[in-house]
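The structure under discussion appears below in the form of structure tokens.
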Amino acid sequence: MSGAGTSDEALTRAVRDGDMAAFDVLYARYEVRLFAYVRRFIADRQHAEDVFQDVFMTVLRDRSFDPERGRFAAWLFTVARNRCRMAHRKGSRESRALEAMPRAEEAAQPRYAEADRVRRAMDALPEPQRQLLLLKQVAELTYREIAAVLGVAEGTIKSRLHAATSAFRAQLAKGDTP
Amino acid sequence: MNCDDALPRLTDHHHETLAADEAVALAEHLGSCGACAQAYCRLQAQLRGIGAAYAERPSDGARAALRAAVRTEFEPKPSRRVLAFLRRPIPAYGAALAAAIPLLAWFAAAPAETRPAGTSGTTQPTAPARIDDYDATVPLFDGNMS
């Protein structure tokens, strides 16, 4: 039941029946994707972990989500997006977006310098474009899933993604020039 | 397809939003043009860089806390486990075996003479068949056969 090839929806049903092995598989699939997405919006790591757990539990607990009909990933990231927006509205210090990601000790290393360059380029994008790239490249969602999360047509997502990619590359190029 | 046509299509090719014939033509061009192939690799690396820049794993403590919460929330209670055991579907052979139990008990308990013929457990000695008007001392033939 809880093998690597099992669908997210089948795993969700199994977790709800108390199958902890199914939970382990589901968690492994989404821990990095979901946490990286949440972390982009919540600077404080502890707060981000709380939101991460809350999102996971909300989706598993919410019986209005029918695994037979809905896509687990789309639902998970819809809840995550809403939670992150709520955190923003609260305006707490912890929920500030990671503008420029001030991680001095990391930035000193070349590997992290490249990551910092990418983050700066992403931070320079308008929020809708940044959201789109995060959902595609970090959350690894399909066009259909992104369309469900953002509530727009799949065709619109494709054209917007093209624009967002071009804008991101332009920002990267801008960062390269002294 | 030449480079002027290929370069503006690299992003859509990466996102797999090109029409099938365009994607094939672009792939053929990338196979033969080093400059465009390099540009495509650069694009892929830049987009992969977004995932790498944000990749972060929650702590082991967060995982353990979430796992414990899930276990508490969804692990079936003992009473529910018993109920689930009782409600589990019984296979056909199981039902057939269950139906056979009272029949076997009846065979074991019932006296031999009440059982259907050929079903008794032991072989009883039986008397030879009785033939009327037969005397074994009388020869079958009197010797005068003609």
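What is the mean number of Cβ atoms from other protein chains located within 10 Å of the Cβ atom of each residue in peptide A:157-166, rounded to a whole number?
Details: counts 2, 4, 2, 0, 5, 6, 1, 1, 9, 2.
Mean number of neighbouring Cβ atoms from other chains: 3.
Counting other Cβ atoms within 10 Å, keep those with at most 10, restrict to DSSP loop, and tell me which trypsin sites (Lys or Arg not before Pro) in segment B:74-104 are left.
Numbers: sites: B:ARG80, B:ARG81, B:ARG87; in loops: none.
Sites meeting the loop and neighbour criteria: none at all.
If you count only protein heavy atoms and use a 1.4 Å probe, how large is the accessible surface of A:THR6, to the nearest 10 Å²?
For A:THR6, the solvent-accessible surface is approximately 30 Å².
Rounded to two decimals, what ratio of Rg to Rh does segment B:61-105 give with C-alpha atoms and a Kirkwood Rh?
Details: Rg = 19.0 Å, Rh = 13.8 Å.
Dividing the radius of gyration by the Kirkwood radius yields 1.38.
For segment A:49-61, what does the Karplus curve 6.51 cos²θ - 1.76 cosθ + 1.60, with θ = phi - 60°, yield as ³J(HN,Hα) per residue in whole Hz, taken in order and with x for Gly and Pro?
Per residue, the Karplus-derived 3J(HN,Hα) values read 5, 5, 5, 4, 5, 4, 5, 4, 5, 4, 5, 5, 7 Hz.
I'd like the distance separating the alpha-carbon centroids of segment A:138-173 and segment B:10-71, in whole Å.
12
Among the chymotrypsin sites (Phe, Trp or Tyr not before Pro) within segment A:1-63, which fall in a DSSP loop and have no more than 10 other Cβ atoms within 10 Å of their own Cβ?
Numbers: sites: A:PHE23, A:TYR27, A:TYR30, A:PHE35, A:TYR37, A:PHE41, A:PHE52, A:PHE56; in loops: none.
The qualifying sites: there are none.
What FRET efficiency would be calculated for the residue pair B:LEU83, A:ALA163, taking the C-beta separation as r and a Förster radius of 41 Å, to the nearest 0.05? Walk me through the numbers on the way to the answer.
Values: r = 56 Å, r/R0 = 1.36.
E between B:LEU83 and A:ALA163, to the nearest 0.05, is 0.15.
Using a cut-off of 14 Å between beta-carbons, work out the net charge of the residues near A:ILE146 (Lys and Arg +1, Asp and Glu -1, A:ILE146 not included). Walk me through the intermediate numbers first.
Numbers: positive: A:ARG33, A:ARG71, A:ARG81, A:ARG130, A:LYS136, A:ARG144, A:LYS158, A:ARG160; negative: A:GLU140, A:GLU145, A:GLU154, B:GLU16.
Charge balance in the 14 Å sphere: +4.
Find the sum over both chains of the accessible area lost when B and A are paired, probe 1.4 Å, and report it in Å² to the nearest 100. Could you put the intermediate results ahead of the total?
Details: alone 12800 and 10130 Å², together 19420 Å².
Result for this pair: about 3500 Å² buried.
Of all GluC sites (Glu not before Pro) in segment A:18-88, which ones are in loop regions per DSSP and have a Cβ with at most 16 other Cβ atoms within 10 Å?
A:GLU68
Determine the shielding of peptide A:29-42 by partner chains: average, over its residues, the number of Cβ atoms on other chains within 10 angstrom of each Cβ.
Numbers: counts 0, 0, 6, 6, 3, 1, 7, 9, 2, 2, 5, 3, 0, 0.
So the per-residue partner count for this stretch is 3.
With N denoting the number of residues in segment B:3-54, provide Rg(C-alpha) divided by 2.2 N^0.38 Å, to two decimal places.
Working: Rg = 11.4 Å, N = 52, 2.2 N^0.38 = 9.9 Å.
The value comes to 1.15.
The values are calculated or read from the model by the stated rules, or taken from the named source; none is laboratory data. A quick note: this is a predicted structure, and the numbers were derived from the prediction, not measured. Ideal geometry is used to build each Cβ from the backbone, glycine not excepted, and the neighbour counts take in all protein chains shown. We work out accessible area using only protein heavy atoms, side chains counted, and drop any ligands, DNA or RNA first. Shrake-Rupley method; radii C 1.70, N 1.55, O 1.52, S 1.80 Å.
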